[in-house]
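Taken together, the values in this text are just the output of simple stated rules run on the coordinates, not laboratory data. None of these values were measured; they are calculated from a predicted model. Positions of Cβ are generated from backbone atoms using ideal geometry, with glycine treated the same way; all protein chains shown enter the neighbour counts.
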2 protein chains.
Amino acid sequence: MARNVEFNETLAIQKAMEVFWKKGYNATSLRDLTDAMQINSSSLYNTIGDKQELFVRCVQHYTDIRKQDWDKRLASKRSPLAVLVDYIHEAVKIIINGEDSCMAVKSAFEVATNDERVKQILVADDQRSYQFLYDLIKNAMDKGEIRDDEDPALLADYFNSTWTGWYESYILHKDPVKIKRMAQYFIKQLTK
Amino acid sequence: MARNVEFNETLAIQKAMEVFWKKGYNATSLRDLTDAMQINSSSLYNTIGDKQELFVRCVQHYTDIRKQDWDKRLASKRSPLAVLVDYIHEAVKIIINGEDSCMAVKSAFEVATNDERVKQILVADDQRSYQFLYDLIKNAMDKGEIRDDEDPALLADYFNSTWTGWYESYILHKDPVKIKRMAQYFIKQLTK
DNA sequence: TCTATTCTGAAACAGTTGTTTCAGAATATC
DNA sequence: GATATTCTGAAACAACTGTTTCAGAATAGA
């Protein structure tokens with residue numbers, strides 16, 4: 001009966017996400033967004049909604065990508081400890097080489113306190129991150145790869161919150177060695 | 001020869017700091033600030049400067065207060081380990097009972113990447129925090145209060161970045177038990 | 001091809017932003 | 001008390017904010 005939407009919504013969300021990621025929610029203007037997305041604001045409001053709604057979609061998109069990564073790693077046939085150590089090393093790489101910090105962390109501090117929907121998305125993301133760590137730690141314990149004299153739930157919780165501080169440290173000091181040494185200590189705690 | 005400034009600058013900075021702390025830099029408007037400070041914007045621009053300058057002064061003020069606390073604790077005559085454990089417990093209390101997260105952490109993620117002066121203030125603050133932890137850990141090791149098979153500099157670095165994640169966790173889950181359990185594990189790592 | 005429906009672009013919206021202006025009130029020094 | 005200087009309050013500033021409007025372009029189904 002009528003015309004179809006002209007732009008690729010997924011691609012537009014991706015572009016918007018990159019801007020929000022870099023600048024944060026409040027420092028990003030609607031013009032910044034429509035420029036990056038290459039669409040008119042009328043199209044944006046017609047299809048996705050207002051700035052808040054767009055941000056929610058972007059955070060959701062960001063956490064969806066993370067989930068895919070965790071699922072892929074959990075499906076690996078390598079030993080739990082190997083997967084865990086590999087994951088830590090890749091996390092360090094991302095912190096050191098990434099242009100911007102983790103969008104989930106930034107959004108937790110800037111937006112989650114004011115926007116319940118964003119908060120819920122981040123809570124779900126954090127729980128998946130926890131579960132990923134818990135599964136690996138628990139399996140590694142059961143296989144005797146790491147010591148099992150500590151509650152795996154506690155370790156997963158503790159480690160899960162550890163990354164955040166590494167991001168802050170790297171923003172302030174831009175010192176890759178610092179991050180690498182902390183990661184090494186992290187691994188050592190598990191294995192020894 | 002002429003009139004003096006009418007308002008109490010320290011008090012005004014304190015009030016501005018509270019607003020920035022709660023809302024963040026970008027979400028705070030000049031009106032929000034002048035309302036809280038109870039001064040006219042002309043007075044603000046005459047004495048302190050623009051929004052950025054005011055924010056710099058507020059972050060400086062925030063970190064000054066922290067420095068005072070560390071100095072006081074370091075001057076204590078109690079054992080290093082007792083001071084450290086006490087500090088951790090108070091940090092947990094602040095996370096759990098505080099209305100807002102740490103302003104230094106929030107500002108690191110929101111502002112430090114764009115404002116070199118803010119970044120430098122936070123770097124200095126972080127180094128003092130590190131030094132505080134290092135001194136206590138080193139002294140505790142020398143006194144045989146804690147094991148000394150680990151590099152105190154590494155431990156100080158690691159623990160220094162740990163708090164940040166606790167703030168994020170509390171924003172998302174509002175779970176005091178989670179934070180307390182992590183703090184307990186933290187202390188256990190040192191002492192056992 | 002016609003047409004009913006939907007999408008798009010450009011412009012406009014009112015409200016807010018950070019900042020400046022300036023007349024007049026206030027006062028430290030003489 | 002006079003006066004030269006400085007501070008304050010209210011208003012105004014242009015630029016920008018997020019959002020809406022609407023005429024016309026586009027097209028899926030008849």
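Would you confirm whether any residue within region A:113-122 is away from DNA strand D (no atom under 16 Å from the Cβ) and either among the aliphatic types (A, V, I, L, M) or touching an Asp or Glu at 6+ places or on another chain (Cβ under 7 Å) (or both)? Full working, then the answer.
The initial filter retains those residues of region A:113-122 that are away from DNA strand D (no atom under 16 Å from the Cβ), namely A:113, A:116, A:119-122.
When the remaining residues are screened for being either among the aliphatic types (A, V, I, L, M) or touching an Asp or Glu at 6+ places or on another chain (Cβ under 7 Å) (or both), the result is A:121-122.
Among the residues of region A:113-122, at least one is away from DNA strand D (no atom under 16 Å from the Cβ) and either among the aliphatic types (A, V, I, L, M) or touching an Asp or Glu at 6+ places or on another chain (Cβ under 7 Å) (or both), which makes the answer yes.
Might you let me know whether region B:67-82 holds any residue that is surrounded by fewer than 19 Cβ atoms within 10 Å (Cβ to Cβ) and within 14 Å of chain A (Cβ to nearest Cβ)? For region B:67-82, residues surrounded by fewer than 19 Cβ atoms within 10 Å (Cβ to Cβ) and within 14 Å of chain A (Cβ to nearest Cβ): absent. So is residue B:27 without any contact (Cβ under 8 Å) to a residue 60 or more places away in the chain, farther than 26 Å from residue B:128 by Cα, within 14 Å of DNA strand D (Cβ to nearest atom) and within 14 Å of chain A (Cβ to nearest Cβ) or not? Spelling it out, residue B:27 is indeed without any contact (Cβ under 8 Å) to a residue 60 or more places away in the chain, farther than 26 Å from residue B:128 by Cα, within 14 Å of DNA strand D (Cβ to nearest atom) and within 14 Å of chain A (Cβ to nearest Cβ).
Assigned to a helix (DSSP H, G or I), surrounded by fewer than 19 Cβ atoms within 10 Å (Cβ to Cβ) and facing chain A (nearest Cβ under 10 Å), is that true of residue B:170? Criteria not met by residue B:170. The helices (runs of 4 or more DSSP H) falling completely within region B:1-111 that include 1 or more residues that are within 11 Å of DNA strand C (Cβ to nearest atom) map to B:9-23, B:30-37, B:41-47, B:51-74.
Restricting to region B:97-122, name every residue that is free of Cβ contacts under 8 Å to residues at least 60 places away in the same chain and either more than 8 Å from chain A (Cβ to nearest Cβ) or surrounded by fewer than 16 Cβ atoms within 10 Å (Cβ to Cβ) (or both). First the steps, then the outcome.
First pass over region B:97-122, keeping only residues free of Cβ contacts under 8 Å to residues at least 60 places away in the same chain: B:97-98, B:104, B:108-109, B:112-114, B:116, B:119-120.
Those that are free of Cβ contacts under 8 Å to residues at least 60 places away in the same chain and either more than 8 Å from chain A (Cβ to nearest Cβ) or surrounded by fewer than 16 Cβ atoms within 10 Å (Cβ to Cβ) (or both): B:97, B:98, B:104, B:114, B:116, B:120.
Residue A:17 fulfils the conditions (1) within 10 Å of DNA strand D (Cβ to nearest atom); (2) under 24 Å from residue A:122 (Cα atoms); (3) more than 13 Å from every other protein chain (Cβ to nearest Cβ) except for a single criterion, (1).
Scanning region A:30-42 for residues that are within 10 Å of DNA strand D (Cβ to nearest atom) and of a type in the set (A, V, I, L, M) yields A:30, A:33.
I'd like the residue in region A:151-162 that is crowded, with 17+ Cβ neighbours inside 10 Å and more than 7 Å from chain B (Cβ to nearest Cβ) and, out of all such residues, is nearest to residue A:186 (Cα to Cα). Per the stated criteria, the residue is A:159. Scanning region B:1-11 for residues that are near DNA strand D (Cβ under 10 Å from one of its atoms) and within 23 Å of the chain's Cα centre (by Cα) yields a total of 1. Quick one: what pairs do we get from region B:43-54, first residue within 14 Å of DNA strand D (Cβ to nearest atom), second part of a helix (DSSP H, G or I) and of a type in the set (Val, Ile, Thr), C-beta under 7 Å, 6+ apart or different chains? Close Cβ pairs satisfying both conditions: B:44/B:34.
Taking the criterion of being in contact with a Lys or Arg (Cβ under 9 Å, 6 or more places away or on another chain) and crowded, with 16+ Cβ neighbours inside 10 Å, the only residue of region B:45-54 that qualifies is B:48. Checked against (1) surrounded by 13 or more Cβ atoms within 10 Å (Cβ to Cβ); (2) over 27 Å from residue A:101 (Cβ atoms); (3) within 16 Å of DNA strand D (Cβ to nearest atom); (4) not aliphatic (A, V, I, L, M), residue B:86 meets all criteria but (3).
Hey, among the residues in region B:132-150 that are within 14 Å of another protein chain (Cβ to nearest Cβ), part of a helix (DSSP H, G or I) and in contact (Cβ under 8 Å) with a residue 40 or more places away in the chain, which one's nearest to the chain's Cα centre (by Cα)? Talk me through it step by step, then tell me what you get.
Residues of region B:132-150 that are within 14 Å of another protein chain (Cβ to nearest Cβ), as a first pass: B:133-134, B:137, B:147, B:149-150.
Within this subset, residues satisfying the condition of being part of a helix (DSSP H, G or I) are B:133-134, B:137.
Narrowing further to those that are in contact (Cβ under 8 Å) with a residue 40 or more places away in the chain: B:133, B:137.
Numbers: B:133: 14, B:137: 20 Å.
Only one residue fits best here, namely B:133.
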